[in-house]
Amino acid sequence: MEELLVEVVGVLVPIVEACGAVVIVVGALWAFARFVVVGLRERDAGAFVPVRLTLGRFLALGLEFQLASDVLRTAVAPSFRELGQLAAVAAIRTALNYFLAKEIAEERRQLAEERADEGTGSRQARAT
């Protein structure tokens, strides 16, 4: 039974890793395409914030897939060395994810404030 589990996990790990890589590549390509479109249409640096937010979400999701593959890799009879490596990799990826999520939240907050300010400004202009 354990041999079957080892074989199944051995097949699943590269699949999950590939899924993570695909998510990151698709996100990077999408963000690049949006970057070009936004760059040609607008010259305002604030116009790139939604592009960065979306790319950040893709990166965070891709990192989650990569972490999942690492967990799978050590799921079957791990040694202390493998557990140590997993802990180190998990800590690094978790830190990356944390700071990425924090940056996304900050960008989202700034974007919402800018939209609120624009709405207030247009209401004031209509009132006068």
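The values are calculated or read from the model by the stated rules, or taken from the named source; none is laboratory data. Remember, it's a predicted structure, so these values are computed and weren't measured experimentally. Cβ sites come from the backbone with ideal geometry, for glycine too, and all protein chains shown count toward neighbours. Ligands, DNA and RNA are stripped out before the accessible areas are found, and what is left, the full protein with its side chains, is counted by its heavy atoms. Shrake-Rupley method; radii C 1.70, N 1.55, O 1.52, S 1.80 Å.
Among the residues of segment 5-19, at least one is closer than 19 Å to Thr54 by Cα, open to solvent by less than 70 Å² (accessible area, probe 1.4 Å) and out of contact with any Lys or Arg (no Cβ under 6 Å at 6 or more places or on another chain). Check segment 93-111 and report whether any residue there is β-branched (Val, Ile, Thr), open to solvent by 50 Å² or more (accessible area, probe 1.4 Å) and under 30 Å from Met1 (Cα atoms). For segment 93-111, residues β-branched (Val, Ile, Thr), open to solvent by 50 Å² or more (accessible area, probe 1.4 Å) and under 30 Å from Met1 (Cα atoms): absent.
Quick test for you: out of Ala75, Ala90, Ala60, Ala68, pick the one residue that is open to solvent by 60 Å² or more (accessible area, probe 1.4 Å) and either in contact (Cβ under 8 Å) with a residue 12 or more places away in the chain or not in a helix (DSSP H, G or I) (or both).
So the residue among Ala75, Ala90, Ala60, Ala68 that is open to solvent by 60 Å² or more (accessible area, probe 1.4 Å) and either in contact (Cβ under 8 Å) with a residue 12 or more places away in the chain or not in a helix (DSSP H, G or I) (or both) is Ala75.
For Leu55, indicate whether it is within 18 Å of Ala91 (Cα to Cα) and either assigned to a helix (DSSP H, G or I) or at pLDDT 90 or above (or both). Taking the combined requirement at face value, the residue does not satisfy it.
Residue-wise test of (1) over 18 Å from the mean Cα position of the chain (by Cα); (2) among the polar types (S, T, N, Q); (3) modelled with pLDDT under 85.
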| position | (1), (2), (3) |
| --- | --- |
| Val9 | yes, no, no |
| Gly20 | no, no, no |
| Val36 | yes, no, no |
| Phe65 | no, no, no |
| Ala68 | no, no, no |
| Gln110 | yes, yes, yes |
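Across segment 38-52, the qualifying residues are those that are open to solvent by less than 90 Å² (accessible area, probe 1.4 Å) and of a type in the set (A, V, I, L, M), and the one among them that is modelled with the lowest pLDDT is Ala45. When the residues of segment 1-45 are filtered to those that are assigned to a helix (DSSP H, G or I) and among the charged types (D, E, K, R), the one that is nearest to Phe65 (Cα to Cα) is Glu17.
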